[in-house]
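Please treat every number below as a calculation from the coordinates, not as lab data. Everything numeric here is computed off the predicted structure, so don't read it as measured data. Note that each Cβ is placed from the backbone with ideal geometry, even for glycine, and that neighbours are counted across all protein chains shown.
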Amino acid sequence: MAISRSLGVRVSGISSAIPERTLTVADVAQIFGAVEARKICENTGVQTRHIVPDGVCTSDLCFAAAERLIAEIEWERDSIDALIFVSQTPDYVMPATSCSLHGRLGLSKQCAAFDINLGCSGYVYGLWVASQLLAPGNVQRALLLVGDTVSRIVSPEDRSAAPLFGDAGTATALECDPDAAPIVFSLGTDGSGQDHLIVPAGCFRKPHTSETSKRSEREKGNIRSDEDLYMNGAEVFMFTLCEVPALVKSTLKAANWTLESVDGVIMHQANAFMLNHLANRLHIPTDKFVLALEAFGNTSAASIPLAITHTWSNRSPNQQLRLLLTGFGVGWSWAGAAMTCDKMTLPELVVVPDNALSEEQRNAA
């Protein structure tokens, strides 16, 4: 695995936003039946998911999170030197969603902005890229916006995926600080797994047609089109068991940390069965292992920062936290980070009403 260290960079704050609209176990039961819904929820650990209405994008959620965070940490907008948007559900094929968000947030023309197309590992990769920009001291402040609205690309009749995924957007503020503890990263990729977690059609390799968008019955009675997300759960589980334990160990070793010295282990919130299996295998103490997907589902790239804000938003900003982050999944792609958080602001969760998002989007257009 690639090991990297970022010096002199501090995470100043993290904010998360979710849509108001919710789906519960009762909604799952309406589609798949009560018995099947109960089995699904027991295996995944998901009780409630927040889902965007039609016409609302990942950028709308990230915008809401960014507005709250900028206000809380009292940053001047023209002091932000870089904006990075990480998602696999952008607004458009072009332009980059980061440019759209740059305009909506009213940032300076001297601010660099670009997109990164990554899913489950995307938050940690985004932290790595942002911290590498800041570490040499060439720029002073960066805003990392990470989120996904996977519900928009999942068939509601696909029991392997639909009951699992929720939507969220997050904002993370990073800035230069010579007194900050190093952030240590461990990163890896195995592109041979690309076909096991994929939207097969709708882009340039297999363009949209009337056939690619037609939903039909697939394996185990699941109904979806080639433009819906396909997830091979068995292969995902095998990949996770193969790579994640090594990722955790390599990240701890590179940081010269032990599990006992960590305040919290935050893994990509994939599903409860998988995460509990990993925690048991790695002997992670229960009080250090963070599970937040019961209330949100699997929110893809947003799951790690959402879990952080959900768990520690009531803490004092002066309380130091040693966090071990691990993102893994679609690609296959994985990334770990050992991060010491000090003087970090964690605003309460932003819940964005459907009508507010719709009005906001109309005004932006």
Fill in: Under the Debye formula (equal points on every Cα, no solvent term), log10 I(q)/I(0) of the range 110-203 at q = 0.11, 0.13, 0.14 Å⁻¹
-0.46, -0.61, -0.69
Item to complete: Work out the charge dipole of the range 1-355 with +1 on the Cβ of Lys and Arg and -1 on the Cβ of Asp and Glu about the Cα centre, then indicate which of G264, A201, V248 is farthest towards its positive end.
Response: V248
Discussion item. With loop defined by DSSP as not H, G, I, E or B, and exposure as at most 13 other Cβ atoms within 10 Å, which is the longest segment of the chain clear of exposed chymotrypsin sites (Phe, Trp or Tyr not before Pro)?
Written reply: 205-365
Worksheet entry | Charge dipole (the range 1-355, unit charges on Cβ, about Cα centre) - positive-most of L293, L164, Y125 | Y125
Practice prompt. Go ahead and estimate [θ] at 222 nm for the chain from helices alone: -39,500 (n - 2.57) per DSSP H run with n ≥ 4, summed, over the residue count, rounded to 500.
Written response: -9500 deg cm²/dmol
Discussion item. Tell me which of N138, A307, I183 sits at the most positive position along the dipole axis of the chain, charges placed on C-beta atoms (Lys, Arg +1; Asp, Glu -1).
Written reply: I183
Worksheet item: Where a ≥ b ≥ c are the square roots of the eigenvalues of the C-alpha gyration tensor, would you call the range 86-141 rounded, which needs a/c under 1.5, or, failing that, prolate if a/b is larger than b/c, or oblate?
Response: oblate
Worksheet item: Which lysines have a Cα lying under 18 Å from the Cα of K39, excluding residues fewer than 8 positions away in the same chain?
Response: K220
Worksheet item: List the trypsin sites (Lys or Arg not before Pro) in the range 18-127 that DSSP assigns to loop (not H, G, I, E or B) and whose Cβ has at most 12 other Cβ atoms within 10 Å. Which are they?
Response: K109
Fill in: Net charge dipole size for the range 1-76 [Lys, Arg +1 and Asp, Glu -1 on Cβ; Debye, nearest 20]
400
Fill in: Of all DSSP beta bridges in the chain, antiparallel share, percent nearest 5
70
Response to the item:
Any trypsin sites (Lys or Arg not before Pro) in the range 226-325 that lie in a DSSP loop and have at most 15 other Cβ atoms within 10 Å would be R315
Practice prompt. Can you give me the three principal axis dimensions of the chain from its C-alpha atoms, in Å, biggest first?
Written response: 57, 50, 38
